[in-house]
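Each remark here refers to the structure printed beneath this line.
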Amino acid sequence: MTVLELNAKKAELVQSIISNINSEEAINELLLFVEQLTLKFPCQYTEDEIKISALEAIRQMKEGKYTSHEEMKRFTEEYTV
């Protein structure tokens, strides 16, 4: 899609909103939806990055480089009130 086509789609969307939404409640819901749609999450990994991370975790587990559940419980108990 070219920039010109994208801008035309944007204009079409805005025109549709202007024509069809007549309540403040609907506008507020739409604004919330757009905010959620464009929200940037701090952890956005690609499929390849996830696979690499999983393979690394499996390798570390096989080499015994991990913390057991019991060890982690003891560790966290030290820092909780």
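Nothing in this text is a laboratory measurement; each read-out follows from the coordinates by a stated rule. Because the structure is predicted, anything quoted here is derived from the model rather than measured. All Cβ positions, glycine included, derive from the backbone under ideal geometry; neighbour counts span all protein chains shown.
If you check LYS65, LYS40, LYS51 for being part of a helix (DSSP H, G or I) and either exposed (fewer than 10 other Cβ atoms within 10 Å of the Cβ) or under 28 Å from the mean Cα position of the chain (by Cα) (or both), only one passes: LYS51. Taking the conditions (1) within 26 Å of the chain's Cα centre (by Cα); (2) surrounded by fewer than 10 Cβ atoms within 10 Å (Cβ to Cβ) in turn, LEU13 satisfies each one other than (2). Look at region 20-37: where a residue is on the phi < 0 side of the Ramachandran plot and a partner is of a type in the set (S, T, N, Q) and part of a helix (DSSP H, G or I), sitting 6+ places away or on another chain with Cβ atoms under 9 Å, you get ALA26/ASN20.
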